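Some notes on the structure that comes next.
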Ligand SMILES: Cc1cc2nc3c(=O)[nH]c(=O)nc-3n(C[C@H](O)[C@H](O)[C@H](O)COP(=O)(O)OP(=O)(O)OC[C@H]3O[C@@H](n4cnc5c(N)ncnc54)[C@H](O)[C@@H]3O)c2cc1C
């Protein structure tokens, strides 16, 4: 970007506006550490008027903008090269809560992290219906992406569990939207990747939170049997949480999942498991919130050696377990994450997984893992969260790591992600776009992602809520991204 912009008539702000190199450098990076950009300013708003003012200022000065949460997406989704980044983490107050009516809720500013939200409600024994596997991300960030959680097969996404939003549109206006009022805007901003407006406030649905939950863990070596069993568990609708990891069939990886003590206690079974020819195995964890857990729901499953581990965890601690990418960073320091996240139709998953597992090697995963979460389309009601048309679905997250600056490895991982992405599309899947591949990366590719009719509607939403195409990120959804 050659233009030197002086911000001489910058509007008044209760927050802070920075062009210093440290803030610019931070706002030009994200968790993926693959895309590095150079914004020209960073706003940390304190009041909603700060957000409105900067949007109007950007429109007057032909500047581009993007809102940013904790920047835990991995391919510049919250970066705006040559434009202004609105760092929403400064806008994070908890505004109000209500547990009295039939439907409990909490009202927060969008830069509030889920961790802060849960801390404030769990003491009253309430929690959001759906949580992702990492709570140090913002409410506005996941509502703009989707927010898939272990409870999603029963409860949908985080975007399906929000009652009302305040949004600053590309016209610099504040609109309250919900299913009942300004519905088009409500449909545009949820999973809208910051392209239609800035979510400033969210009223999030809450449910009763147990103090503890039962945890059930087991392994599969065969993907067909694994999928059969998960489908059965999904049909039963008994367990509150279901998710699995594909892990290396190695002692260290198994220990990481079930702990050293359990690995020693069940040495015979684990030795037998490691002796199996499969390079990759499935590790499943189920959660049951109520005290009346009955193991009869596990009867007839095909898990390895009929082996089931049962334990109990504090509910808050369980929600705050470190997910694999964070564990890797805590062990190795800052890493690059060439990840791929997909939504796949269940009926093609066995064939897809068979091809995927042949291609995955331990070094190309960089000590990472594949996360699997079942989803039911009937539970999903967010229009811009794109899924295959079938009812039984899986979130598939290929969560890789690589040391910073290992460019050759990162290139190979990224290339493999692209090959896997094309394969996933051929198997009827699509991308969940918080990961780190450059596809879809142009308006025509986004049109393919959404399908022609839906894309037409999406373009109409963009014209209605951001007519100047102010909100631009590295995803380049509507064109005009600077590089
Ligand atoms: C360790 C880890 C675990 C994860 N686990 C899960 C998981 O279990 N399930 C899941 O679904 N995802 C998961 N993710 C992905 C995560 O949900 C997304 O990356 C999420 O968007 C991150 O929130 P954030 O606050 O970092 O948002 P950012 O990454 O900062 O922003 C994400 C997108 O939202 C937009 N945005 C941010 N704030 C606003 C706002 N206020 N208004 C409008 N647009 C906004 C940005 O422009 C960008 O397009 C995980 C990521 C990591 C790193």
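Cβ crowding within 10 Å, taken as a proxy for footprinting-reagent exposure, orders 21, 354, 436, 120 from fewest neighbours to most as 21, 354, 120, 436.
Quick check on the exposure proxy: order 203, 330 from fewest to most C-beta atoms within 10 angstrom. The partial results should precede the final answer.
Working: 203 19, 330 9.
In increasing order of surrounding Cβ atoms, one gets 330, 203.
Principal axis extents of the C-alpha atoms in the range 1-102 (largest first, rounded to whole Å): 56, 34, 21.
Label the range 213-369 by shape, choosing from rounded, prolate and oblate, from the square roots a ≥ b ≥ c of the eigenvalues of the Cα gyration tensor; if a/c is under 1.5 it is rounded, and otherwise prolate applies when a/b is larger than b/c, oblate when it is not. Write down the numbers at each step before the final one.
Numbers: a/c = 1.32, a/b = 1.17, b/c = 1.13.
Here the range 213-369 falls in the rounded category.
Our analysis of the range 289-430 gives Rg over Rh at 1.01, with the two radii drawn from alpha carbon positions and Rh computed by the Kirkwood formula.
Tell me whether the range 380-483 comes out rounded, prolate or oblate; compute the Cα gyration tensor, take square roots of the eigenvalues as a ≥ b ≥ c, and use a/c under 1.5 as the rounded threshold. Because a/c hits 1.5 or more and a/b fails to exceed b/c, the range 380-483 counts as oblate. Between the range 214-283 and the range 398-469, what's the alpha-carbon centroid distance in Å? The range 214-283 and the range 398-469 have Cα centres separated by 31 Å. Annotation: average projected area of the chain is 22.0 square nanometres, based on the convex hull of Cα atoms across all directions. Fully extending the segment from residue 261 to residue 457 would add 65.1 nm, taking 0.36 nm per residue of separation and subtracting the current Cα-Cα distance.
At a threshold of 8 angstrom on Cα-Cα distance, excluding pairs fewer than six apart, so keeping six or more, what relative contact order does the chain reach in percent? Write down the numbers at each step before the final one.
Details: 1052 pairs, mean separation 87.5, N = 483.
This gives 18 percent for the chain.
The stretch between residue 464 and residue 94 holds 130.2 nm of extra length on full extension. This uses 0.36 nm per residue minus the Cα-Cα distance.
I need 432, 266 ordered by Cβ neighbour count within 10 Å, fewest first.
With the sparsest Cβ surroundings first, the list reads 266, 432.
Read-outs: derived from the displayed coordinates by stated rules, not from any lab. What you are looking at is a predicted structure, and each value in this text was computed from that prediction instead of being measured. Cβ atoms come from the backbone with ideal geometry, glycine included; neighbour counts cover every protein chain shown.
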